[in-house]
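Enquirer: Have a look at the structure that comes next, please.
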Amino acid sequence: MPKECHGCKLPIHGPYMRAKSLKFHIDCFKCTECDDSIADSYFALEVAPGNFQFYCEFDYFSKLDLICTVCNEALREPHITTLHSGKFHQDHFRCQVCNEKIRSIDSYFEENGKIFCEYHHTVATSSHCLGCKTSIYKTYVDDKLVKDGKWHPSCFMLNNLWGAQYERINYDKENLDEQVQLQSQTIRLVERILIVLGDFESSNLKLIDSIVAKSYKDCIEDQKQLIQNIGSLLENVMIVDEELDNSLVGRISLKEPKRLVKSLLMFLAAVSKTDGVVESERLDYQAKLSKSLKRVIKAGLLGSILLEQNDEFDTTISQYLNRLDDADNEISPKLLESGATDVVCHLCNSKISESSYLFRSYKWHRECSKCQTCKVSLEKTPHTTLIDPDTGYVYCPDHGKPNMIEGVQKSSHINCLFPILRDALQSHKK
């Protein structure tokens, strides 16, 4: 009696397959799930006593829930089973971010169906600093005024001491590696800000204390150094102000720089008097000078941060800090210039005390910048203003002449304070 195929129930003549004592035509021996031929390799699954179903490798291991989440192939060897993210070949069990293999001795974390090493899980799920907005990985300062608010210690100090927050705006917030790199760069920059600003303020406060403690004749050099340091600071802040002005992203108010110069002159006048000034009054001048000094340092920092958040100025803060670092060693060129105390507009012949334009030795009020021919205002178009280098008169492009050239520059309103400092410095050299 011919053998009967278990699959098609027809007689078998010729070669056949035997599986679990069952016989099949070779073409009838197919996977129960996908219907592909399994004549070369098969897996049997007993669904009831003596009742077998036959599968290809993939569908057999799928029935057993033994498919790798990464490569979608059978898990035939020792593997890793996670609580929420599936099962993995040992070599495929890697961090979603860095792709480093996670060993059996390593800690790992699951987040939204993804696997992270301990480090990148910290990055992905950590709190963010209220100051720089980057992740907090280690130590932090709790903000009692903000629910769940945390700061990097250095960012907290920057906000607490200088009322400033440094945040990089343009970066890929979904790229964890970029976020890690940015966080490291941000913390280094904030720490340098604290060091440089703190050192500059501290060295000048020591000068002020020294001037108060010594007799007038013994502290002449200290007074000269203080004037030079404040001149360097104002020049530094003026550079930032001019960059802000040119980029049209803001300005530094003249109020605090003027107050600083006034406080300096009043303080120096008070310490130069041997009588008529009571100790409490001298201490009051000292306190006002110290406060003004801090406010101007802060103004330069805030302006630098504002510029750096503009894509065109990505090193402004470092440049501001570098100039402060050199302030004790170099005298500001502005203090070495010669000229009258009052800077006069060469177009209207009146004093310049605000922002102005300049070309070589010519300086004039911005509101005085009008074409000599048609009287149209050139106040907002210095880059196209033409100037007669012989007379200093300005013209619009329509009324320019062959000998006229461009090159008008903006001058910060802080510039008007340097003649006053030059006079103060000269009086201490006599």
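The values are calculated or read from the model by the stated rules, or taken from the named source; none is laboratory data. Bear in mind the structure is a predicted one, so any value in this text is a computation, not a measurement. So basically every Cβ, Gly included, is an ideal-geometry build from the backbone, and we count neighbours across all protein chains shown. Note: areas computed on protein heavy atoms with side chains; ligands, DNA, RNA excluded. Shrake-Rupley method; radii C 1.70, N 1.55, O 1.52, S 1.80 Å.
Enquirer: Compute the FRET efficiency between residue 215 and residue 329 as 1/(1 + (r/R0)^6), taking r as their Cβ-Cβ distance and R0 = 30 Å, and round to the nearest 0.05.
Expert: It comes out at approximately 0.65.
Enquirer: Accessible area, 1.4 Å probe, largest first: how do 399, 120 sort?
Expert: These residues rank, largest area first, as 399, 120.
Enquirer: Can you find, among 112, 163, 11, the residue sitting farthest towards the positive end of the charge dipole of the chain, where Lys and Arg contribute +1 and Asp and Glu -1 at Cβ?
Expert: It is 163, whose Cα lies furthest towards the positive end.
Enquirer: Between residue 32 and residue 181, how high is the FRET efficiency from 1/(1 + (r/R0)^6) when r is the Cβ-Cβ distance and R₀ = 56 Å? Nearest 0.05.
Expert: 0.60
Enquirer: Next question, about the same structure. In Å and from the alpha-carbon atoms only, list the Rg and Dmax of the stretch 1-51.
Expert: Cα only, the stretch 1-51: 11.0, 32 Å (Rg, Dmax).
Enquirer: Remind me, what semi-axes does the stretch 389-430 give for its equivalent ellipsoid, largest first in whole Å, using sqrt of 5 times each Cα gyration tensor eigenvalue?
Expert: Semi-axes (√(5λ), whole Å): 36, 12, 7.
Enquirer: Sort 296, 146 by accessible area with a 1.4 Å probe, largest first.
Expert: The most accessible residue leads, giving 146, 296.
Enquirer: Now, a different point. Treating only the Cα positions of the stretch 1-147 as identical point scatterers, give the base-10 log of I(q)/I(0) from the Debye formula at each q in 0.14, 0.19 Å⁻¹.
Expert: Results for the stretch 1-147 at q = 0.14, 0.19 Å⁻¹ read -0.80, -1.07.
Enquirer: Still on this structure, I have one more. With a Förster radius of 22 Å, plug the Cβ-Cβ distance of residue 106 and residue 64 into 1/(1 + (r/R0)^6) and report the FRET value to the nearest 0.05.
Expert: 0.25
Enquirer: Can you divide the C-alpha Rg of the stretch 12-89 by 2.2 N^0.38 Å and report the result to two decimal places?
Expert: Scaled against compact globular proteins, the figure is 1.30.
Enquirer: Nothing charged except the Cβ atoms of Lys and Arg (+1) and of Asp and Glu (-1): what's the magnitude of the dipole of the chain about its Cα centre? Round to the nearest 20 debye.
Expert: My answer is approximately 1240 debye.
Enquirer: Mind pulling the angle between the C-alpha long axis of helix 153-162 and the longest principal axis of the chain? Nearest 10 degrees, somewhere in 0 to 90.
Expert: Long axis of 153-162 versus the principal axis of the chain: about 20 degrees.
Enquirer: May I pose another question? Sorted by accessible area (1.4 Å probe), largest first, how do 147, 214 line up?
Expert: Numbers: 147 180, 214 90 Å².
Of 147, 214, the descending order of accessible area is 147, 214.
Enquirer: Between 153, 49, 78, where does the largest GNM mean-square fluctuation fall for the chain, given springs only between Cα atoms within less than 10 Å?
Expert: Fluctuation is largest for 49.
Enquirer: With every protein chain left in place, what is the accessible area per residue of the stretch 1-160 in square angstrom, probe 1.4 Å?
Expert: So the stretch 1-160 comes to 64 Å² accessible per residue, rounded to a whole number.
Enquirer: So how much slack lies between residue 21 and residue 51, counting 0.36 nm per residue of separation and subtracting their Cα-Cα distance, in nm? Let's see the in-between values first.
Expert: Details: separation 30, 0.36 × 30 = 10.80 nm, distance 1.11 nm.
Value of the extension gain: 9.7 nm.
Enquirer: Note the full-extension length gain between residue 361 and residue 188 as 0.36 nm times their separation in residues minus their Cα-Cα distance, in nm to one decimal.
Expert: That works out to 58.1 nm of additional length.
Enquirer: Which of 33, 367, 73 moves the most in a Gaussian network model of the chain with Cα springs under 10 Å?
Expert: Checking each option, the largest mean-square fluctuation is seen for 33.
Enquirer: Keeping all protein chains in position, work out how much accessible area residue 152 exposes to a 1.4 Å probe, and write it in Å² to the nearest 10.
Expert: The accessible area comes out at roughly 10 Å².
Enquirer: So, one more: With every protein chain left in place, what is the accessible area of residue 17 in Å² (1.4 Å probe, nearest 10)?
Expert: 40
Enquirer: Rg (Å, one decimal) plus Dmax (Å, integer) for the alpha carbons of the chain?
Expert: Final numbers for Rg and Dmax: 38.7, 137 Å.
Enquirer: Continuing with this model, one more query. Report residue 379's accessible area, 1.4 Å probe, all protein chains in place, as a number in Å² to the nearest 10.
Expert: Taking all protein chains as shown, residue 379 has close to 70 Å².
Enquirer: Could you give the distance between the Cα centres of the stretch 7-47 and the stretch 355-430, to the whole Å?
Expert: 97
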